[in-house]
Amino acid sequence: MKKITYIIVSLLFVLNAAAQQEERDSLPTQKTLVQDVNIVRDFVPTIKDAGKINLLPKIESTATIEKSSAVYSTWTSPMATRFDLQTLPSATLKRMRHQQNMREGYAKIGGGYPLGFLGDFYAPIVKAKDVRLDFLANHLSTFGKVKLDNGDKVKAENMTNAAQLAFTKNFFNADLFSEIKFARRDFNYYGLSIMNPEDIWYVSDGIDVWEEIPAKEFLFDKDAHNMFDVAIGFASRPKPRGLNYGASVRYELTNTTSGLTENHIETKGFITANWDIDELGAHISLDNLFYNNPTPTGHYLFYNVLDEFDSYSVLGFKPFYKFRRETWNLKVGLKTFFSFNKGKPVRLTPDVTGELALVNEVFYLYGGVTGDYATNSMRDMFNENQYLRPDVHVPQTYTPIDAYFGTKIKVFEAMVFNAFVGYKYIDNQYFFVNGLGNAFYVITDKADVFNTGVSITYNSRSLSILLKGVYNKWNVSNQEYAWHKPNWQLNTNISYKINKDITVSANMLAMGKRYARDYVFFDNWQSIEKPVELKPIFDLSLSGRYEYTSWLAFFLNANNVFAQNYQRWYGYNSHGFNAMAGAMFSF
């Protein structure tokens with residue numbers, strides 16, 4: 001089976017290794033309503049960055065609620081993790097506008113309370129009409145103390161360092177782009193354990209020999225995630241008629257202090273044929289994941305890594321046909337996934353989406369029935385929850401049905417109202433749960449979720465407002481609750497430009513009822529599950545920026561203004577009130 005995988009890898013590299021185009025086309029004879037596009041970073045219990053450069057931007061759906069930092073300087077890499085020819089030009093224009101305002105390069109430094117630091121440096125090394133080579137370096141750290149539920153104050157350490165080179169070459173009818181990047185994330189497992197560290201546990205070594213192990217041996221101390229990326233790709237200039245195409249190959253290396261290493265080769269591509277109003281095309285992708293499979297030693301590799309971390313591949317093929325008419329669009333397609341050496345060999349999902357203009361430029365209906373198949377790489381899991389045990393492998397998640405329906409209304413020129421309902425059925429949905437010690441495990445279950453939400457956006461020359469709210473109703477087959485999943489989320493972003501030099505903004509993240517899985521232990525070493533309800537989150541952040549001169553600006557960001565002691569992950573309390581201030585120099 002592995003030989004088959006290697007043969008497929010070689011063929012795809014030679015023939016048409018791909019980069020995926022995930023586009024949403026506007027109606028051909030009308031303007032497209034404003035679409036909410038947020039560049040966000042993962043929300044972790046640490047000091048939020050007052051202007052962190054986002055190395056790998058993601059285009060998020062309006063139905064997704066994530067906490068976003070107050071971004072003062074955004075540098076968008078020319079190498080995105082997926083193709084979107086509709087959004088790449090706007091991202092490029094955003095960078096060009098930013099560089100015009102900030103000259104060409106810049107450096108930013110800042111310090112925070114409690115103790116924390118940030119530093120950004122960006123400079124163009126080569127800048128020509130059709131060639132560009134950029135360098136970027138970033139640092140963000142915090143070392144403040146956090147008050148846990150038992151009253152103890154412990155140091156919560158987080159430090160991220162990153163450096164990146166990005167290259168772009170423009171040809172007459174295509175663009176070539178590449179990047180190389182290294183990042184390291186150091187942190188400590190400061191959270192509470194569900195066990196009493198003074199207890200003694202009797203654990204088998206796998207050969208029917210039992211030994212006594214103090215419970216404190218299951219506690220994690222510190223860890224580091226090392227991440228190295230190399231990518232290269234190309235894309236044709238978008239044409240209304242004829243062929244459009246693109247391909248990319250990305251290598252991602254991720255490892256931890258446990259010695260376990262994941263090598264992820266992600267190959268993507270697309271080709272489309274356009275004529276007048278219709279389009280025929282296909283996306284193809286290949287994910288190869290290889291592991292070094294070290295011998296399990298100590299609690300960092302408590303599981304049988306040799307069994308859990310087998311190498312595997314997933315091949316995706318997604319043909320489609322798009323109908324474009326004056327008042328409606330319709331995409332009809334099929335997503336097919338072939339898995340080698342892990343999971344079921346074939347998975348299918350529909351890929352049907354559409355948009356109807358009831359009143360051009362004012363009132364739209366949209367909907368779709370689609371699905372997905374996710375590999376759940378180590379990189380993805382650590383980015384979602386860095387306190388996950390490094391020896392936990394998360395199986396692939398299959399979503400055969402992801403259906404949604406919504407409406408988008410332009411209330412007036414600067415305001416857009418969006419409302420939707422959705423339903424997902426998910427096989428192998430993963431949930432983070434507390435295990436023995438202070439790190440997280442993962443359990444999977446069949447689940448379905450109904451959600452509905454609204455968003456309102458307002459954009460004028462001086463004022464920008466975004467309000468998003470989503471209600472989620474989870475149902476799981478074998479678990480009592482959908483662990484750590486909120487039943488509602490609310491995100492509010494308001495930015496106001498007082499004058500040409502001063503801008504202030506506010507961000508509110510609110511999350512509703514969530515449950516975590518705890519245990520009650522008995523003297524006979526038996527235990528029962530005990531669900532724990534986590535407090536709602538209401539986190540308000542305020543920020544301001546003052547442009548003193550054309551080359552010097554100052555910023556201030558105050559986070560968790562109400563000093564709420566909440567938990568995003570059970571046992572890991574958040575920082576209270578914290579702030580970051582500094583200066584940015586352009587050159």
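The values are calculated or read from the model by the stated rules, or taken from the named source; none is laboratory data. The model shown is predicted, which means the values in this text are computed figures rather than measured ones. Cβ atoms come from the backbone with ideal geometry, glycine included; neighbour counts cover every protein chain shown.
Things to note:
- Scanning region 365-396 for residues that are part of a loop (DSSP other than H, G, I, E, B) and over 30 Å from Pro319 (Cβ atoms) turns up Asn385, Gln386, Tyr387, Arg389, Pro390, Asp391, Val392, His393.
- Candidates Glu262, Glu217 - the one that is in a strand (DSSP E or B) and either in contact with a Phe, Trp or Tyr (Cβ under 8 Å, 6 or more places away or on another chain) or modelled with pLDDT under 90 (or both): Glu262
- Top-ranked residue of region 471-510 - restricted to ones that are of a type in the set (Phe, Trp, Tyr) and touching a residue at least 40 places away in the same chain (Cβ under 8 Å), ranked as surrounded by the fewest Cβ atoms within 10 Å (Cβ to Cβ): Tyr481
- For region 397-412, the condition holds for no residue, the condition being that it is outside any strand (DSSP E or B), among the basic types (Lys, Arg) and crowded, with 18+ Cβ neighbours inside 10 Å.
- Within the option set Leu165, Leu136, being assigned to a strand (DSSP E or B), hydrophobic (A, V, I, L, M, F, W, C) and surrounded by fewer than 16 Cβ atoms within 10 Å (Cβ to Cβ) holds for one residue only, Leu165.
- The lone criterion from (1) on the phi < 0 side of the Ramachandran plot; (2) crowded, with 20+ Cβ neighbours inside 10 Å left unmet by Phe450 is number (2).
- The lone exception for Phe290 - which of (1) within 26 Å of the chain's Cα centre (by Cα); (2) modelled with pLDDT of 95 or more; (3) hydrophobic (A, V, I, L, M, F, W, C); (4) in a strand (DSSP E or B) it fails: (2)
- Every residue from region 393-407 that is among the aliphatic types (A, V, I, L, M) and more than 15 Å from His484 (Cβ to Cβ): Ile401, Ala403
- Residue ID - farthest from Phe382 (Cα to Cα), chosen from residues in region 407-432 that are of a type in the set (A, V, I, L, M) and modelled with pLDDT under 95: Val411
- Only one entry in Ser464, Ser505 is small (Gly, Ala, Ser), at pLDDT 95 or above, in a strand (DSSP E or B) and closer than 25 Å to Ala563 by Cβ, namely Ser505.
- Residue match in region 565-582 (condition: surrounded by fewer than 20 Cβ atoms within 10 Å (Cβ to Cβ), more than 30 Å from Lys145 (Cβ to Cβ) and not small (Gly, Ala, Ser)): no
- Long-range neighbours under 9 Å by Cβ, at least six apart or interchain, first residue part of a loop (DSSP other than H, G, I, E, B) within region 316-328, second surrounded by 15 or more Cβ atoms within 10 Å (Cβ to Cβ) and at pLDDT 95 or above: Glu326/Ala357; Thr327/Leu356; Thr327/Ala357
- Candidate set from region 355-383 (those that are without any contact (Cβ under 8 Å) to a residue 60 or more places away in the chain and surrounded by fewer than 17 Cβ atoms within 10 Å (Cβ to Cβ)); member that is nearest to the chain's Cα centre (by Cα): Asp380
- Residues of region 133-184 that turn out to be without any contact (Cβ under 8 Å) to a residue 60 or more places away in the chain and small (Gly, Ala, Ser), as a count: 4
- Candidate set from region 149-174 (those that are of a type in the set (A, V, I, L, M, F, W, C) and under 27 Å from the mean Cα position of the chain (by Cα)); member that is farthest from Asn559 (Cα to Cα): Phe167
- Of the residues making up region 222-234, those that are buried (at least 20 other Cβ atoms within 10 Å of the Cβ) and at pLDDT below 95 number 1.
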